[in-house]
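Asks: The following block contains the structure, expressed as structure tokens.
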Ligand SMILES: [Cu+2]
């Protein structure tokens, strides 16, 4: 492709024509949901998903970093379209949605492409309504009976630490159980996940919705070299 463009530019120059190579890169990003299909009976507890993405590159390394044309990740939402019902973001074309806490019956899954800064690309929004009839339903856990306030402390890295392009954040927590499976599901006392922001004041909102970050107690977090302030924050799992 590069050779082709170069050759064409040479021809264009010799003819006194100005070519705009950028036009080659502007094919519209799109998303097609291969599975599940609309109306499908889903009988597994978790929901396997297969997506075809065109003119778009999925990047896990750049999630939360500045936007780049034609790059980002996939958002999936359950019975709505806002950050409160966001399962998670995905950076591969196949993944599995956790069914824990989902009631059997009709559910609408909303898929779209999102930029690195989590801005939904509205023209890629695709709804798929499924009939969720798991052979084995997995209920949400009981809400915590503890009245203690959930809290999180960053154990590593310390303030001012020099870190590499990929580093591990370690936190300690009280009265809080992180759950990947309950993300986007109704709030449950004592459960949720962590948000990590880069170079951003806590709770600031860009483009009208919350940012969301990496997950798990020992999340690997990619970031460009340079000095940054990381911020870990406990979040209820419906992102409010
Ligand atoms: Cu996102």
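Laboratory data are not the source of any read-out in this text; all were calculated from the coordinates shown. Predicted, not measured: the structure shown is a model, and the values here were computed from it. Please note: Cβ atoms are built from the backbone with ideal geometry, for glycine as well, and neighbour counts cover all protein chains shown.
Asks: Tell me, in nm to one decimal, what length is gained between residue 187 and residue 26 on full extension, where the rule is 0.36 nm per residue of separation less the Cα-Cα distance?
Replies: Additional length available on full extension: 53.9 nm.
Asks: Between residue 200 and residue 180, 0.36 nm times their residue separation minus their Cα-Cα distance comes to what?
Replies: Result for the pair: 4.8 nm of gain on full extension.
Asks: Under the rule a/c < 1.5 gives rounded, and otherwise a/b versus b/c splits prolate from oblate, where does the stretch 27-132 land using the Cα gyration tensor?
Replies: prolate
Asks: Efficiency by 1/(1 + (r/R0)^6): what FRET value for residue 147 and residue 34, r their Cβ-Cβ distance, R0 = 45 Å, to the nearest 0.05?
Replies: With a Förster radius of 45 Å, E is 0.45.
Asks: Further question: Under 1.5 on a/c is rounded, so check that first for the stretch 98-159, then, if it is not, pick prolate when a/b is larger than b/c and oblate when it is not; a ≥ b ≥ c are the square roots of the alpha carbon gyration tensor eigenvalues.
Replies: Oblate, because a/c is 1.5 or more while a/b does not exceed b/c.
Asks: To continue, here is another question. Place the peptides 108-117, 154-163 in order of packing, highest mean first, counting for every residue the other Cβ atoms within 10 Å and averaging per peptide.
Replies: 108-117, 154-163
Asks: Still on this structure, I have one more. For residue 139 and residue 52, what does the FRET efficiency come to when R0 = 41 Å and r is the distance between their Cβ atoms, rounded to the nearest 0.05?
Replies: E between residue 139 and residue 52, to the nearest 0.05, is 0.80.
Asks: Tell me, in nm to one decimal, what length is gained between residue 68 and residue 173 on full extension, where the rule is 0.36 nm per residue of separation less the Cα-Cα distance?
Replies: Difference between extended and current length: 34.3 nm.
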